[in-house]
Amino acid sequence: MNLASKDIRHNLGRFALTTLGVGMLLMVVMGMGGIYRGIVEDATLLIDRVGADLWIIQRNTRGPFAEVSRVPPNLVHRALAVPSVQSAREFVYHTIQREREGKPLRIAVLGLSWPTDKGEWIPLIAGRPLAQNHFEMIADKSLGFRLGETVELGKETYTVVGITTSMISSNGDGIGFFTVTDAQAIQFDTPGEAVRLERASREARGERSEMGLKQPPLLEQAVKPSGELPAIARPQLSAVMVSVSPGTDPNQVADIISGWGDVSVFTQKGQRELLLKGSVEKIRRQIGLFRILLTVIAAIIMALILYTLTLDKIHSIALLKLIGAPNTVILGMIMQQALVLGVLGFGIAYLIGQKVFPMFPRRVILTQVDLSQLAFIVLVISVASSFLGIWKAMRVSPNEALS
Amino acid sequence: MKKSFAIETHDLTKVYGTGNTEVVAMQDASMQVQHGEVVALLGPSGSGKSTFLTAVGLINPPTFGQVFIGGQLTLDGPQARTNLRSFRRRHIGFIFQKSNLIPFLSAIENVQIALELNGETSGTARRRARELLDDLGIGDRADNLPSMLSGGQQQRVAVARALANRPSVILADEPTAALDSHRGRQVMELFAQVAHERGAGVIVVTHDHRALDVFDTIYEMEDGRMFRQG
Ligand SMILES: Nc1ncnc2c1ncn2[C@@H]1O[C@H](COP(=O)(O)OP(=O)(O)OP(=O)(O)O)[C@@H](O)[C@H]1O
Ligand SMILES: [Mg+2]
């Protein structure tokens, strides 16, 4: 006869409620693990997907994912000149916040190096890659755009031609893919009035400058768009992505480029580590610690629950001892209930989590490894936390059955 | 060779507490019960009957004195001379003053568990448990939980549990308090039958003087002391 199951059946309602509670608690622990994993994955997703061997960024910065990085557009050509470099692409990346239907809309704007990169590497769930070098965008699902929808950004209107999924910035914002020129246009968009004011003040500055005094016709140029002024640079890039030819060690190429005084260079792995150690490090640690805390709390709560379950049975346990039940029978009863509680709790956590987590604004990733790790922890907690109850049960004297 | 008794106690003394709160619940209580003998233990409330019975039952060891069961020394003062729990399981059947059934097991399971703990397979245990309950007239309530049984019915389940492992010693603390006199007498006669058929030693604490003719020997306790009445 299985005493554990008899007792559970006798107190079925209470046990079910307790299990549900434990399940919810474990779901939170599980969710914390998933959020942690989600942050790590999201942070490095882009770097992994883009698949560049090397990232060339502004000297002494930590790259476009961590902070503002500015490199001149001609860096692409300089990089291409390095032996063993197969391709070099422009990379523009920045986050904008606009409003859409009254709600804030954050887009991580990413520029693709048209025409070498049309976004073919982006996993699309609908639509197609970019087909022209202007006014098209591929949007992450989380941005909520429909295929064919038009979005006004800056002075232009962009059409959503493709929808991708799981393309998220390290802050959790959905990525919008544009051509580099479009991305720059969005980034450096200035209102008309600001442009007019700048041209006027440019003229004023020019009149006072030595160059303006010596060559007055030059001042006529000041009213033209910036791009047409030879002395004023084209908008800058965030970084340049380099792919090395097959069979070449990226580190060799990196060594060469790192000799240049105006830029820093990172391998894909280096950039990845930078990201994890940099921008997401604190939130990662925060959630990691929280997860540990929650696990400990879950253990304490489970121990208390099992202790109370045992206390409720203390008279029966004394009676069992009195009629000669060996300790193994009593220990088995408590331990089995602990395991049932743990296993069912874990199952409930998983089932509810599967339904609930997808509704979260950021990804909650339940990996096989994390799940089995948690399952193991729950098992250990179940066994360990039943010790408190077992300790109590072992101390009960059969005499107590008589009082 | 010394003749072995079913139950034999030498000068059992039990002192509860110390100093101001010291209570001598039992003093130099000696008793010998032969195999097949049925003993009644009488005495006023608080005279130490339950203390004596729990000492003999290896539940509540005495402060001084020895307990022999079937000739084997089991308790020497508070010292256990054998594995008390397994000894209880194999040799001693109890019925307590208050009914003591496991609340989450049905009547039949309460009897069955005692058999299974003693190594019976669950099928055999269940069959035997049902027989016992039928014998005691509560076969029809076999699947009820204790909370659904009357005091008397619970007591009879406890009797069935006590008899289940065919113990060589049966100890009953006012087993018939919750029964009508007819049922009470039936239970007493059942003890006598078990004692005579199987050579078990039986001690029954009782207040019911009408059923005393069932017993072979009568002892009485008074202020913790034991007297043999005949
Ligand atoms: N755990 C205990 N601690 C202190 N004193 C106790 C304890 N158990 C019993 N006593 C005392 O020992 C004495 C004998 O008690 P016992 O229960 O053996 O009496 P009894 O003859 O069985 O009485 P009743 O007929 O009412 O059941 C009483 O004075 C009681 O108060
Ligand atoms: Mg008593």
Pairwise label distance in nanometres, A:Arg98 with A:Lys282, each label 7 Å out on the Cα-Cβ vector: 3.0 nm
Segment A:101-196: trypsin sites (Lys or Arg not before Pro) in DSSP loop, at most 16 other beta carbons within 10 Å: A:Arg146, A:Lys155
Charge sum, other residues only, whose C-beta stays under 12 Å from A:Phe135's C-beta, Lys/Arg counted +1 and Asp/Glu -1: -3
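Restricting to Cα pairs below 8 Å that are 6+ residues apart, what does the relative contact order work out to for segment B:7-228? Please round to a whole percent.
On the way: 464 pairs, mean separation 67.0, N = 222.
It rounds to 30 percent for segment B:7-228.
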Estimated FRET transfer efficiency (A:Gln368, A:Glu41; beta-carbon r; R0 22 Å; 0.05): 0.95
Amide H within-cut-off set for B:Gln97, under 5 Å, with H built and near neighbours excluded: B:Asp173
Anchor A:Lys214: aspartates and glutamates whose Cα lies under 18 Å away (excluding residues fewer than 8 positions away in-chain): A:Glu203
Nonlocal amide H pairs with A:Phe91, under 5 Å, H built at 1.01 Å: A:Ser238, A:Ala239, A:Met241
Per-residue ³J(HN,Hα) for segment B:187-199, Karplus 6.51 cos²θ - 1.76 cosθ + 1.60, θ = phi - 60°, Hz, x for Gly and Pro: 5, 4, 5, 4, 4, 4, 4, 4, 4, 6, 6, 10, x
Set of lysines near B:Lys14 by C-alpha distance (under 24 Å), chain-local residues within fewer than 8 positions excluded: A:Lys321, B:Lys49, B:Lys98
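So which GluC sites (Glu not before Pro) in segment A:120-180 pass both tests, a DSSP loop state and at most 10 other Cβ atoms within 10 Å of the Cβ?
Those that pass, being in a loop and sparsely packed, are A:Glu120.
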Theoretical FRET efficiency, 1/(1+(r/R0)^6), r = Cβ-Cβ of A:His77 and A:Leu289, R0 56 Å, to 0.05: 0.75
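Restricting to segment B:7-228, compute how many DSSP beta bridges are antiparallel as a %, nearest 5. List each step's numbers first, then the result.
Working: 22 of 39 bridges.
In segment B:7-228, approximately 55 percent of DSSP beta bridges are antiparallel ones.
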Mean Cβ neighbour count within 10 Å, used as a protection proxy, ranking B:207-220, B:9-22, A:32-45 highest first: A:32-45, B:207-220, B:9-22
Inter-probe distance in nm under a simple model that places probes 7 Å from Cα toward Cβ, at A:Glu198 and A:Lys214: 2.7 nm
Helix axis angle, B:122-135 relative to chain B longest principal axis, alpha carbon, degrees: 80 degrees
Theoretical FRET efficiency, 1/(1+(r/R0)^6), r = Cβ-Cβ of B:Thr82 and A:Val28, R0 45 Å, to 0.05: 0.30
Sequence-distant lysines (8 or more away, or on other chains) whose Cα lies within less than 24 Å of A:Lys355: A:Lys141
Residue list for segment A:92-133, given a label point 7 angstrom along the Cα-to-Cβ vector of A:Gln86 and an amide N cut-off under 20 Å: A:112-123
The protein assembly as shown: antiparallel DSSP beta bridges as a percent of all, rounded to 5: 65 percent
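Read the figures in this text as sums done on the coordinates, not as results from a lab. Since we're looking at a predicted model, the values are computed, not measured. Neighbour counts run over all protein chains shown; Cβ positions are idealised from the backbone, glycine included.
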